[in-house]
Amino acid sequence: MVGKLFIDGLDAFSEYGIFVEQYGYKALVQMPSFKKLSSTEWPEYDGEEVELSAPLLDSKTFSIPFCITDILSASDLFEVLSDGSYHIFDFAELGKSYKLRLLTNPALSAKIQLGKITLNFADDFPPVYPTDETDIESLNEYNTLLNQAPYATAPAGFKQNGYEMDDVDFSHFGVYVLDGTDRNIQKAPNVRENLKVDVTNRPGVSYDGESVFYKAKDVAIKLFIYADNIAQFWERWYALFTALLKPELRKLYNDNSLEEYNCYYKSNAVTRFDIRRNGRVWCEFTVTLTFPDSRPDGNY
């Protein structure tokens, strides 16, 4: 475990006897949500109108589970993390460094010398989508610029098509769309409730039934990346999110419904992230997109 994690330049295993538990990177990897977007619901229209001219990613908080090989040495870690808010965590397996802020220690278990510890961190330096107004020099060195282009063609052996983001097939990002996504796309949005009057001296309610309008709906897109190495994983990961996080509405096309949908990014959750012994990366994750003007029709 030596050489896999460095905290402020010191090897975490040699100095504190800790290392990241298997599958422990998933929350660290996942993309933060957008900051709150300004939106308006018009009573005579479906969905919502959203301000997406310059969306920004928020800070994110997450947990990292560690294994402890020496309880006494691990206690020294808190002394180090108490010396200033921010500390540099260099994850060699991920090929990335993060500037993190300790929040809480929600779990600690130990038996004699061995144990497990969970630490909650904040990452205040999210990826940034570059625009003409972006002051690149003023950005913190840990802000990743989202400017990764998709592949010109699908990777060799890639066997899926029919899902497109802004006319680019998901295969060109090196990303598979998993089972269940079609059903999530085709679900009808919730109905926006009209004027309703409920008085105590009459049974039931009086409801304005003249028209039906629908709310915006959130759709979980289930995705999968299988990469030969961590560098290839980051290429595919950032190519996808460079496309998803652009300003203004995006266009999602699905072959099975033959429909194109307006949408924008809302959040991301990684359900499984594993770097195998041969270096290959397995990542299952969900991207939640909001469809702001989805209305069911006969094509459903």
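The values are calculated or read from the model by the stated rules, or taken from the named source; none is laboratory data. Remember, predicted model here, so these are calculated numbers, not experimental data. Positions of Cβ are backbone-derived with ideal geometry, glycine not excepted, and every protein chain shown enters the neighbour counts. To get the accessible areas, we keep the full protein, side chains included, count just its heavy atoms, and leave off ligands, DNA and RNA. Shrake-Rupley method; radii C 1.70, N 1.55, O 1.52, S 1.80 Å.
Here are the numbers for the structure shown:
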quantity: Residue-level accessible surface for L114, protein heavy atoms, 1.4 Å, Å²; calculated: 110
quantity: Segment 152-282: projected area of the alpha-carbon convex hull, averaged over directions, in nm²; calculated: 11.9
quantity: Most fluctuating residue given options G84, G47, G162, as computed from a GNM of the chain linking Cα atoms under 10 Å; calculated: G84
quantity: Carbon plus sulfur fraction of accessible area for segment 1-42, probe 1.4 Å, in percent; calculated: 51
quantity: Estimated inter-spin distance, N147 and M1, nm [label 7 Å along Cα→Cβ]; calculated: 3.9
quantity: Rg and Dmax of segment 53-130, Cα atoms only, in Å; calculated: 15.0, 56
quantity: From phi via Karplus (6.51, -1.76, 1.60), per-residue ³J(HN,Hα) for segment 272-277 in Hz, x at Gly/Pro; calculated: 8, 9, 9, 9, 7, 4
quantity: Percent carbon-and-sulfur accessible area, segment 63-165, ignoring ligands, DNA and RNA, probe 1.4 Å; calculated: 50
quantity: More than 25 Å apart - percent of Cα-Cα pairs taken over segment 68-216; calculated: 66
quantity: Contour excess over end-to-end distance, with Cα ends at D166 and K35 and 0.36 nm allotted per residue; calculated: 44.9 nm
quantity: Intensity falloff of segment 1-156 expressed as log10 I(q)/I(0), Debye formula with alpha-carbon point scatterers, at q = 0.08 Å⁻¹; calculated: -0.34
quantity: Probe 1.4 Å, accessible area per residue of the chain, Å²; calculated: 54
quantity: Share of Cα-Cα pairs in segment 190-238 lying beyond 12 Å, as whole percent; calculated: 76
quantity: Size of charge dipole - the chain - debye, nearest 20, with Cβ of Lys, Arg +1 and Asp, Glu -1, no other charges; calculated: 1140
quantity: Mean projection area, nm², convex hull over Cα of the chain; calculated: 21.8
quantity: Cα point-scatterer Debye curve for segment 20-77, base-10 log of I(q)/I(0) at q = 0.15, 0.22, 0.25, 0.29 Å⁻¹; calculated: -0.68, -0.93, -1.01, -1.12
quantity: Cα long-axis angle, helix 71-81 against the chain (0 to 90 degrees, to the nearest 10); calculated: 60
quantity: Cα-projected label distance for K159 with L139, points at 7 Å along beta-carbon direction, nm; calculated: 3.8
quantity: Crossing angle, helix 230-244 versus the chain [Cα axis fit, 0-90 degrees, rounded to tens]; calculated: 30
quantity: Principal axes of segment 221-278: Cα extent on each, largest first, Å; calculated: 41, 27, 18
quantity: Cα extents of segment 158-227 along the three principal axes, largest first (Å); calculated: 66, 21, 13
quantity: Rule-of-thumb Rg ratio for segment 93-152 [Cα; 2.2 N^0.38 Å; N residues]; calculated: 1.71
